[in-house]
Amino acid sequence: MNFAKQFLEYTVLTCLHVLSKLYCSVITFILSWLSPTWLSWNKYSENMLRTIEKKILQIVRTPHRGCFVDIGPVVGPADKIWTLSLNTESQKTPLVLLHGLGAGIALWCLNLDAFAATRPVYAIDLLGFGRSSRPTFSTDSIEAEQQMVRSLEEWRKEMKLKEIIFLGHSMGGFLAASYSLSYPENVKHLILADPWGFPERPKEYKDVPFLIKTVSYIMKPFNPLAGIRLAGPLGPWFINRVRPDISKKYSIELNDPNLIPQYIYQCNSQYPSGESAFRSMMSDFGWAKNPIVRRIDQLRAEIPITLLYGSRSWIDHSAGEIIKEKRIHNYFKLQVITGAGHHVYADKPESFNQIVLDACEYTDSLQNRNNLAIMPSESDQPESDSNY
């Protein structure tokens with residue numbers, strides 16, 4: 001009986017996979033006729049994105065500055081990364097924020113004041129997302145990942161930041177970890193917020209509902225956020241219908257409930273550059289082709305890791321135990337925020353902010369300890385004529 005059921009599922013999914021490719025071709029052909037040059041279906045506006053972002057960031061009380069950082073020909077001929085800077089006068093180790101798939105710097109609005117109270121903070125639109133450049137990434141998973149990582153390194157060099165604390169959410173956590181493996185000398189702490197792409201993809205889908213499998217196969221030929229672009233001018237409404245919880249996360253601080261869905265729409269109604277890179281890196285939506293757990297033991301031992309999850313997140317959390325085992329003699333702290341989902345930074349911002357601040361303070365304590373260790377002894381210190 002079980003064999004017959006499995007055979008039926010396999011047959012149906014195989015057929016759906018073939019049909020989904022055909023369906024994708026048909027949709028692509030139709031959309032070529034419904035291009036913005038023939039019918040104003042896509043309502044992306046650079047001015048609108050800038051205006052909405054500015055409205056959202058009005059709730060941030062800390063003085064801040066936005067600018068495009070020219071990183072040169074990393075992927076495209078002249079790539080630029082949109083960057084928000086706060087409290088840059090502070091001498092403490094800077095905190096760099098990397099958002100997840102389909103997001104942008106404005107979605108950190110509930111966290112920026114808390115972080116910037118103690119140190120420099122930089123939030124960026126990853127290359128291919130938000131207001132940053134939209135180059136065409138490689139379709140090879142490893143090369144696409146390395147292109148993203150190289151863009152982060154060129155950005156760091158342009159910003160003249162010697163050492164940084166990385167805070168990466170979801171896909172941003174994956175890229176922060178990958179960067180730390182490639183450029184460990186620049187990373188003082190790796191803070192991973194509900195990171196994507198860490199565990200191995202399960203060999204069997206015993207616990208995955210049949211409906212989810214079916215949807216996964218149907219969506220496989222598409223970029224993950226294609227539905228937003230297909231919705232055209234109905235995009236913000238579509239986002240609100242599919243994910244009404246996202247607006248609610250910000251409702252206490254933002255008076256206009258439409259700002260967040262409009263922002264997400266404007267970020268993702270453009271050419272899906274970074275989104276295509278994500279699709280190249282993923283093995284089905286929930287896993288990466290080159291998961292971090294295969295490489296985490298290569299991370300420099302001196303880099304502390306703080307891993308935090310939302311207790312209600314859909315992300316596969318199995319990598320936590322694996323990382324703990326592989327880094328048993330190195331600093332690793334796991335935090336679970338009760339009641340939070342995947343967007344843990346917005347679900348429970350106060351708890352999230354405190355965990356991040358504690359991680360940053362730990363980094364500061366290490367720095368102070370190292371400074372004390374290299375200070376000359378009292379007898380070696382030069383005499384001073386100053387009186388205090």
Residue set THR83, THR93; condition in the same structural domain as LYS157 (by TED's automatic domain parsing) and over 23 Å from PRO272 (Cα atoms); output residue THR93
For CYS24, the lone unmet condition from (1) modelled with pLDDT under 95; (2) part of a loop (DSSP other than H, G, I, E, B); (3) farther than 23 Å from SER133 by Cα; (4) of a type outside the set (Val, Ile, Thr) is (2)
ASP358 vs (1) touching a residue at least 60 places away in the same chain (Cβ under 8 Å); (2) under 17 Å from VAL121 (Cβ atoms): all pass except (1)
Reported set for the range 69-109 where residues are without any contact (Cβ under 8 Å) to a residue 40 or more places away in the chain and under 21 Å from the mean Cα position of the chain (by Cα) is SER85, LEU86
TODO: Answer with yes or no whether GLY130 is modelled with pLDDT under 95 and crowded, with 24+ Cβ neighbours inside 10 Å.
DONE: no
Of all helices (runs of 4 or more DSSP H) fully inside the range 221-316, the set with 2 or more residues that are β-branched (Val, Ile, Thr) is 235-242, 259-268
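Residue-by-condition table, conditions (1) crowded, with 17+ Cβ neighbours inside 10 Å; (2) within 18 Å of GLY172 (Cα to Cα); (3) of a type outside the set (A, V, I, L, M):
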site	(1), (2), (3)
PHE285	no, yes, yes
LEU299	yes, yes, no
PRO304	yes, yes, yes
TYR309	yes, yes, yes
ARG327	yes, no, yes
TYR345	yes, yes, yes
GLU350	no, no, yes
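The values are calculated or read from the model by the stated rules, or taken from the named source; none is laboratory data. Here the structure is a predicted model, which is why all the values come from computation and not from measurement. All Cβ positions, even for glycine, are placed from backbone atoms using ideal geometry, and neighbour counts span all protein chains on display.
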